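One structure below.
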Amino acid sequence: MKSTRVVDKIRKNAVSLICVNLFCWPQFSVAAETLEQAWGIALQRDHTLAAAQQKENVAAHQVAAAQANYLPKLALEAGYLRTESEPAAKVNIPALPFLKGVALPFAQDSAYFGGVSVSAPLYTGGKISSGVGAAQAQAEAVQARSQLSKSELKLALAHAYISVLRAEHAVTVANSHIAAVGKHVSDVLALFEQGYVARHDLLASQVALANAEQLGLQAGNALAMARAAYNRWLGRPQDGVVDIFDIGTRSQAAAGSELNRDVNNDLTYLLSSANARRKELQELDLQSLAYKKQAASVAAGHLPQIGVSAGWSKLENRYLAQDKGWWVALVMKWELFDGGLLRNQAAQLSATAQAIQEVQEDTRERIALQVRQSWLSQQESNARMALVGKASEQADETLLLARERYRSGLAPNSDVLDAETRRLQAYSNRDNAIYDRELARLQLQYASGQL
């Protein structure tokens, strides 16, 4: 009787565990959250994306600053000048010897001055245009990085989403395993009390039940951790309720049609798509272009820099007949020798651009490998789906036959326990195949630049 009470308590605990994991969680949610909805929430609150958007603003201001060099510059200046004595010039006119050595003042020892001027570049040898081109290329590179961050976020969240679904099904399978082994323990106990089986069978079955309960605890803990990680992506309390749509419940035909619609299965097309769409390649290409433009802008410093200036100024000076007036000037500056400063700066920028191109080629090769590996994983997951469903049905049938044979005295207790272990493995393989297929689909979308 004591053994009966122990088994009943174990079965009640198993039923309670099933209730907690399968029924108690969803009751707080209104509707299951889809992956697309989760993406929308994460994209709105992710701090990395917020920082990327601020970097886009920075790049836009850099472009505007570079373009401002085309525009005229208007300046207003004013001041007060005080000297130790009135500035004077010595007079030395041979025809007027009596004025020799006389100092004639030409300015006051204190004066106010002011004016307004406007200046504009006329010719810079491409220095300004190259600078603008460099800023625009850098801004586009920043935008490509921002888009890459979005794709990476979507893939990472998809991993967390599928991890929750995988863990939920693992809990379901573990609870089913506990219930199945618990039922077998009840059968063995009934036969043992009637004297039909040895105590060894009862002990072996009870050990199997204890092991099953450990699997259940591990599965429950894994589910709690997966839900916490998922909630973290969405900015929610990590112990909050998670109720998400099970993308693995679609039929295999529906999943296959969606895969064909979203990602062409042809490897050549996928490689071409990745080469054209992956934001890493676009970012590196634009960064290389930006450095090339910067090099051209620096090298333009060897050419004449021509500009025009005009303005109006006033200088308080009682010795002048006219102390204010308009003026205009054409200015040219041409640095003929700078010790190789500009040449080396331009060479440095050009070498940096070449280094980025080498990195780009290496990245292109790594992306091609990533596409091929994702494609192979997708092919494998599709092939597995054709096998796991039938295997789980056969495992159920094998367990039923083993139980009947054991109750009839035609098979040992180990056959039932082995059949249940194989059933557990078959259901685990089925769930893993389902979610590996979904994850492979999303990874292939990411690898080909379509996520």
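The values are calculated or read from the model by the stated rules, or taken from the named source; none is laboratory data. Note that the structure is a prediction, hence the values are computed from the model and not measured. Ideal geometry is used to build each Cβ from the backbone, glycine not excepted, and the neighbour counts take in all protein chains shown. These accessible areas exclude ligands, DNA and RNA; they are computed on the full protein's heavy atoms, side chains included. Shrake-Rupley method; radii C 1.70, N 1.55, O 1.52, S 1.80 Å.
Condition test on Leu342, is it open to solvent by less than 70 Å² (accessible area, probe 1.4 Å), assigned to a helix (DSSP H, G or I) and under 30 Å from Gly131 (Cα atoms)?
Numbers: open to solvent by less than 70 Å² (accessible area, probe 1.4 Å): yes; assigned to a helix (DSSP H, G or I): yes; under 30 Å from Gly131 (Cα atoms): yes.
Criteria met by Leu342.
Being outside any helix (DSSP H, G or I), open to solvent by less than 40 Å² (accessible area, probe 1.4 Å), at pLDDT below 95 and not aliphatic (A, V, I, L, M) narrows it down to one residue among Gly235, Gly182, Gly240; which is it? Talk me through it step by step, then tell me what you get.
Values: Gly235 fails: open to solvent by less than 40 Å² (accessible area, probe 1.4 Å); Gly182 fails: outside any helix (DSSP H, G or I).
From the options Gly235, Gly182, Gly240, the qualifying one is Gly240.
Working only within segment 349-369, note down all residues that are closer than 25 Å to Leu270 by Cβ, within 21 Å of the chain's Cα centre (by Cα) and open to solvent by less than 60 Å² (accessible area, probe 1.4 Å).
Gln360, Thr363, Ile367, Ala368, listed by residue number.
Please verify whether Ala411 is farther than 30 Å from Arg441 by Cβ and part of a helix (DSSP H, G or I), treating the condition exactly as stated.
no
Quick test for you: out of Gln54, Gln62, Gln37, Gln67, pick the one residue that is surrounded by fewer than 14 Cβ atoms within 10 Å (Cβ to Cβ), modelled with pLDDT of 90 or more and either under 31 Å from the mean Cα position of the chain (by Cα) or part of a strand (DSSP E or B) (or both).
Details: Gln62 fails: surrounded by fewer than 14 Cβ atoms within 10 Å (Cβ to Cβ); Gln37 fails: surrounded by fewer than 14 Cβ atoms within 10 Å (Cβ to Cβ); Gln67 fails: surrounded by fewer than 14 Cβ atoms within 10 Å (Cβ to Cβ).
Residue meeting the stated conditions: Gln54.
Which is basic (Lys, Arg) and closer than 30 Å to Gln445 by Cα, of Arg82, Arg166?
Details: Arg82 fails: closer than 30 Å to Gln445 by Cα.
That would be Arg166, the only listed residue that is basic (Lys, Arg) and closer than 30 Å to Gln445 by Cα.
Across segment 210-224, which residue is nearest to Ala170 (Cα to Cα) among those that are of a type in the set (A, V, I, L, M) and in contact with a helix residue (DSSP H, G or I) (Cβ under 8 Å, 6 or more places away or on another chain)?
Restricting attention to segment 210-224, the residues satisfying the condition of being of a type in the set (A, V, I, L, M) are 210, 212, 215, 217, 219, 222-224.
Now restrict to residues that are in contact with a helix residue (DSSP H, G or I) (Cβ under 8 Å, 6 or more places away or on another chain): 212, 215, 219, 222-223.
Numbers: Ala212: 12, Leu215: 9, Ala219: 6, Ala222: 9, Leu223: 8 Å.
The residue in question is Ala219.
Run down Ser414, Ser408 and say which single residue is open to solvent by 50 Å² or more (accessible area, probe 1.4 Å), of a type outside the set (Lys, Arg) and in contact (Cβ under 8 Å) with a residue 60 or more places away in the chain. Spell out how you get there, then give the answer.
Working: Ser408 fails: in contact (Cβ under 8 Å) with a residue 60 or more places away in the chain.
Going through Ser414, Ser408 in turn, the sole match is Ser414.
Being part of a loop (DSSP other than H, G, I, E, B), open to solvent by 40 Å² or more (accessible area, probe 1.4 Å), among the small types (Gly, Ala, Ser) and modelled with pLDDT under 95 is the requirement here; does Ser85 meet it? I'd like the intermediate steps shown before the answer.
Numbers: part of a loop (DSSP other than H, G, I, E, B): yes; open to solvent by 40 Å² or more (accessible area, probe 1.4 Å): yes; among the small types (Gly, Ala, Ser): yes; modelled with pLDDT under 95: yes.
In short, yes.
Search segment 310-324 for residues that are open to solvent by less than 80 Å² (accessible area, probe 1.4 Å) and pair each with any residue that is in a loop (DSSP other than H, G, I, E, B) and among the polar types (S, T, N, Q) when their beta-carbon atoms are under 8 Å apart and the residues are at least 6 apart or on different chains.
So the pair list comes out as Glu316/Gln108; Asn317/Gln108; Asp323/Asn317.
Can you tell me which residue is most open to solvent (accessible area, probe 1.4 Å) among those in segment 185-199 that are over 20 Å from Leu399 (Cα atoms) and part of a loop (DSSP other than H, G, I, E, B)? Outline the logic, then answer.
Pass one, segment 185-199, residues over 20 Å from Leu399 (Cα atoms): 192-196, 198-199.
From the residues that got through so far, the ones that are part of a loop (DSSP other than H, G, I, E, B) too are 194-196, 198.
Values: Gln194: 120, Gly195: 62, Tyr196: 161, Ala198: 59 Å².
Checked segment 185-199; the qualifying residue most open to solvent (accessible area, probe 1.4 Å) is Tyr196.
With the checklist (1) more than 27 Å from Ala212 (Cβ to Cβ); (2) of a type in the set (A, V, I, L, M); (3) open to solvent by less than 40 Å² (accessible area, probe 1.4 Å) in hand, flag the one item Leu424 doesn't pass.
(1)
Please go through segment 188-230 and pick out each residue that is closer than 30 Å to Lys154 by Cβ and hydroxyl-bearing (Ser, Thr, Tyr).
Going residue by residue through segment 188-230, those that are closer than 30 Å to Lys154 by Cβ are 218-230.
Within segment 188-230, just Tyr230 meets the criteria.
Among the numbered criteria (1) of a type outside the set (Phe, Trp, Tyr); (2) farther than 30 Å from Lys55 by Cα; (3) crowded, with 21+ Cβ neighbours inside 10 Å, which one does Ala139 miss?
Against the list (1) of a type outside the set (Phe, Trp, Tyr); (2) farther than 30 Å from Lys55 by Cα; (3) crowded, with 21+ Cβ neighbours inside 10 Å, Ala139 comes up short only on (2).
Please go through (1) in contact (Cβ under 8 Å) with a residue 60 or more places away in the chain; (2) open to solvent by 100 Å² or more (accessible area, probe 1.4 Å) for Pro94 and return the number of the only condition it doesn't satisfy.
(1)
State yes or no: is Leu376 within 30 Å of Lys150 (Cβ to Cβ), free of Cβ contacts under 8 Å to residues at least 40 places away in the same chain, among the aliphatic types (A, V, I, L, M) and assigned to a helix (DSSP H, G or I)? Step through it out loud before you land on a result.
Numbers: within 30 Å of Lys150 (Cβ to Cβ): yes; free of Cβ contacts under 8 Å to residues at least 40 places away in the same chain: yes; among the aliphatic types (A, V, I, L, M): yes; assigned to a helix (DSSP H, G or I): yes.
Answer is yes for this residue.
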